[in-house]
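Every number in this text was worked out from the coordinates using simple rules, so none of it is lab data. All of these numbers come straight from a predicted model, not from anything done at the bench. Because the Cβ atoms are built from the backbone with ideal geometry, glycine has one as well, and the counts that use them run over all protein chains shown.
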Amino acid sequence: MNILLLGSGGREHALAWKITQSTKCSKLFVAPGNAGIGNIATNVALNPTDFNAVKQFVLDNHVEMVVVGPEDPLVKGIYDFFKNDTALNSIPVIGPSQHGAQLEGSKEFAKQFLVKNNIPTAKYQAFTKDTVDAGCAFLATLQPPYVLKADGLAAGKGVVILNDLNDAQEELKNMLVDAKFGDASSKVVIEEFLDGIELSCFVLTDGKSYKILPTAKDYKRIGEGDTGLNTGGMGAVSPVPFANEEFMQKVEQQIVIPTINGLKNDAIEYKGFVFIGLIKVGDNPFVIEYNVRMGDPETEVVIPRIKSDIVELFQAVANETLENTVLEIDERTATTVMIVSGGYPEDYEKGKVISGLDQVKNSIVFHAGTAEKDGNVVTNGGRVIAVTSYGNNFKEALKQSYENVEKINFDKKYFRTDLGFDL
Ligand code: AMP
Ligand code: GLY
């Protein structure tokens, strides 16, 4: 069948790599894609949130399945757009309904869902412009550090953690009254700070049953030793060594099962990935956040560890027969190291020629932000290339990734050399 994948990053390159390995896929289109994706699929100059343009393309090209990479089209309701259109409603969209996408689109919705389903999470309260004084008073009842979260999507920048009470109260006013994150911060969730180590759990669901995919840990900060500004992610490891069987039992019983049951009980249609951001406090898992898509760069280590045919899994999701499928996992560890543009996550330049891609051996190169220009592959984003490797453990896999990272070059290239330092 013909498949359309929406998105353009390393996550989408990894998904495209896996989808094109399936005998069920005759043609893969990726909108808008990137230079690396263009080598294995057909890039299409389409904006994933222009649903009418997506519709026209799907009908003109006999697309029989749509896989959604990023959250934006999901939060804007692409699932419902297909479902409610008579020409499109037989074409499955892999992703949640707009209602389900609120788990990522609204922090308050997610917190209410967590509390209602007795899922362990930090205590919280939500405030608006009209209750800013109550918010300041609530902050004064908490111990530092203070965690403030813009309710809506804020391009990954909407969470602010501060140590000083006055700073936190000022920031709350900035967010609510001065609309620091625009509409996204018209409501702010304030929550208790949880002290622990983070990891991500990925679940594929058809709304009735679920499969737990490999765990992963990403490295969000730009600097060595987890210092400096937050990024989209500088690398990742799967599986997470400290997420042992006993811990994962707790995750399944206390978090995954109540999440799927919660969706069912509220009749929330959900046929796609659930990305559960976890924090391990002592020996116990708590939910930090939900995302309604795969993570990036976590996908670049999770997908290579799935042995099963992913298109068959997606078909089972669409047909609500996931329960009858078997998920086969590669026992090896996978790691990815992200090469980024100097200056990222602040200002950086684009259009730098990338060399050495053909020198890479025994790793998989996933393009994150690249384009093709005059026969060259050039940088086209902050995160540029993810180098994924397998190994018997994370140290072995990282060594392999780093060996190949050294071979890829462009002006002002930067990467973290310390991934796995905390494991
Ligand atoms: P989020 O966008 O909700 O994942 O938050 C971004 C980051 O802020 C997380 O990855 C955590 O590192 C941190 N964070 C969020 N909530 C908390 C919390 N309650 N306690 C400690 N750290 C948090
Ligand atoms: N790497 C974190 C995310 O995709 O949100």
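Quick notes on this one:
- Net length gained if the chain between residue 129 and residue 423 were fully extended (0.36 nm per residue, minus Cα distance): 101.7 nm
- Shape index of region 123-242: Rg/Rh, with Rg the Cα radius of gyration and Rh the Kirkwood radius from the inverse mean 1/r over Cα pairs, equals 1.04.
- In order along region 135-141, the Karplus-derived 3J(HN,Hα) couplings, from 6.51 cos²θ - 1.76 cosθ + 1.60 at θ = phi - 60°, round to x, 5, 5, 5, 4, 5, 8 Hz, and Gly and Pro are given as x.
- Under 13 Å from residue 116, Cα to Cα: aspartates and glutamates that are on another chain or at least 8 residues apart: 108, 266
- Across all Cα pairs in region 5-44, the calculated P(r) in 5 Å bins from zero up to the longest distance comes to 6, 31, 42, 17, 5 percent per bin.
- Remark: C-alpha extents of the chain on the principal axes read 58, 50, 44 Å, sorted largest to smallest.
- When shorter helices are ignored and each DSSP H run of at least 4 residues is given -39500 (n - 2.57), the per-residue value for the chain at 222 nm works out to -7000 deg cm²/dmol.
- Taking the number of Cβ atoms within 10 Å of each Cβ as an exposure proxy, the fewest-first ranking of 136, 25, 201 is 136, 25, 201.
- Of 69, 375, 95, the residue with the greatest mean-square motion in the GNM of the chain, using alpha carbon springs below 10 Å, is 375.
- The trypsin sites (Lys or Arg not before Pro) of region 81-185 that meet both conditions, a loop assignment by DSSP and at most 16 other Cβ atoms within 10 Å of the site Cβ, are 123, 157.
- Taken about its Cα centre, region 96-151 carries a charge dipole of roughly 160 debye when the Cβ of each Lys and Arg holds +1 and the Cβ of each Asp and Glu holds -1.
- In the elastic network of the chain, a GNM with C-alpha springs shorter than 10 Å, the most mobile of 175, 294, 338 is 175.
- When the C-alpha to C-alpha distance is required to be over 22 Å, the pairs from 129/180; 220/395; 350/407; 149/208 that qualify are 149/208.
- Across the chain, the mean sequence separation of Cα contacts (distance under 8 Å, 6 or more residues apart), normalised by length, yields a relative contact order of 17 percent.
- Residues 332, 416, 11 arranged by fewest to most Cβ contacts within 10 Å: 332, 416, 11
- 3J(HN,Hα) couplings calculated from phi for region 182-193 with the Karplus curve 6.51 cos²θ - 1.76 cosθ + 1.60 (θ = phi - 60°) are, in sequence order, x, 4, 4, 10, 6, 10, 10, 9, 10, 9, 4, 7 Hz; Gly and Pro show x.
- Reach of residue 107 by Cα under 16 Å, taken over aspartates and glutamates that are not fewer than 8 positions away in the same chain: 71, 72, 151, 183, 191, 192, 289
- Sorted fewest first by neighbouring Cβ atoms within 10 angstrom, 99, 367, 13 come out as 99, 367, 13.
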